[in-house]
1. With a point put 7 Å past each Cα toward its Cβ, work out how far Glu93 is from Leu134 in nm, to one decimal.
2. What part of the accessible area of the chain, given as a whole %, is carbon or sulfur when the probe is 1.4 angstrom?
3. Extension gain Leu141-Asp62, at 0.36 nm per residue separation less the Cα-Cα distance, in nm?
4. Note down the nm distance, to one decimal, between modelled labels 7 Å out along Cα→Cβ at Ala154 and at Ile26.
5. Given the rule -39500 (n - 2.57) for each run of at least 4 DSSP H residues, summed and divided by the residues of the chain, what is its mean residue ellipticity at 222 nm, to the nearest 500 deg cm²/dmol?
6. Can you work out ³J(HN,Hα) from phi for every residue in region 123-129, in order, using Karplus 6.51 cos²θ - 1.76 cosθ + 1.60 and θ = phi - 60°, giving whole Hz and x for Gly and Pro?
7. Take the Cα atoms of region 55-174, find their three principal axes, and give me the spread along each one in whole Å, biggest first.
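The values are calculated or read from the model by the stated rules, or taken from the named source; none is laboratory data. Note that the coordinates shown come from a computational prediction; the quantities given were computed from them, not determined experimentally. Every residue, glycine among them, receives a Cβ derived from its backbone with ideal geometry; neighbour counts consider all protein chains shown. These accessible areas exclude ligands, DNA and RNA; they are computed on the full protein's heavy atoms, side chains included. Shrake-Rupley method; radii C 1.70, N 1.55, O 1.52, S 1.80 Å.
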Amino acid sequence: TGVLPRLQAELSRADTAEWLLPLVPILPADDFTPLLPGIARALTAALAGSGDLLRPDAAAVDIVEPWVAVLGDKTLEDLVERAVLPQVAAGLEAMDCRAGESETAFARVVPWAAAMPRHQFVTLLERSFFPPWLRALRQMLAVAEGRADRARVADWYEGWRHALPDTCLLYTSP
């Protein structure tokens, strides 16, 4: 169509793709295919400009989430790999899983489950969250040996278990 080249030209000059969102229900999905590289570039720029991807207001998640169904698996995976995972992984790795405030910090990661492919989110947790979490569990169990502190460990475990999104708890690897 004649609209597509104009949209591509505008997208190449724009630093955001948000203005395209109203067209998602109107244009056929195939019409977005040539726009995907430009949309991904604009989203990457918007994420870079948003600062901390783990802010309490989840504004960075709101940049990506409306585009999840439009981008397609490969484009979304590439975008998340490049623009999201490094910062979110670093935030997870920096958490002290023994501290009470770490569950609040983890709650800032959970919204990303809706803005990336499930397997990427699960891999993020496997690589960046569970190693420090398991270290904290081992430390707590070592301290609890011979003491009646197992109830505290059980409460800690239950708190974390409830913090995990259901999609992760129900995930089976392909």
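1. According to this spin-label approximation, the distance is 1.6 nm.
2. 56
3. 24.6 nm
4. Roughly 5.9 nm, to one decimal.
5. For the chain, the value works out to -18000 deg cm²/dmol.
6. Here the 3J(HN,Hα) series is 4, 4, 5, 4, 8, 10, 9 Hz.
7. The principal-axis extents, from largest down, are 55, 32, 20 Å.
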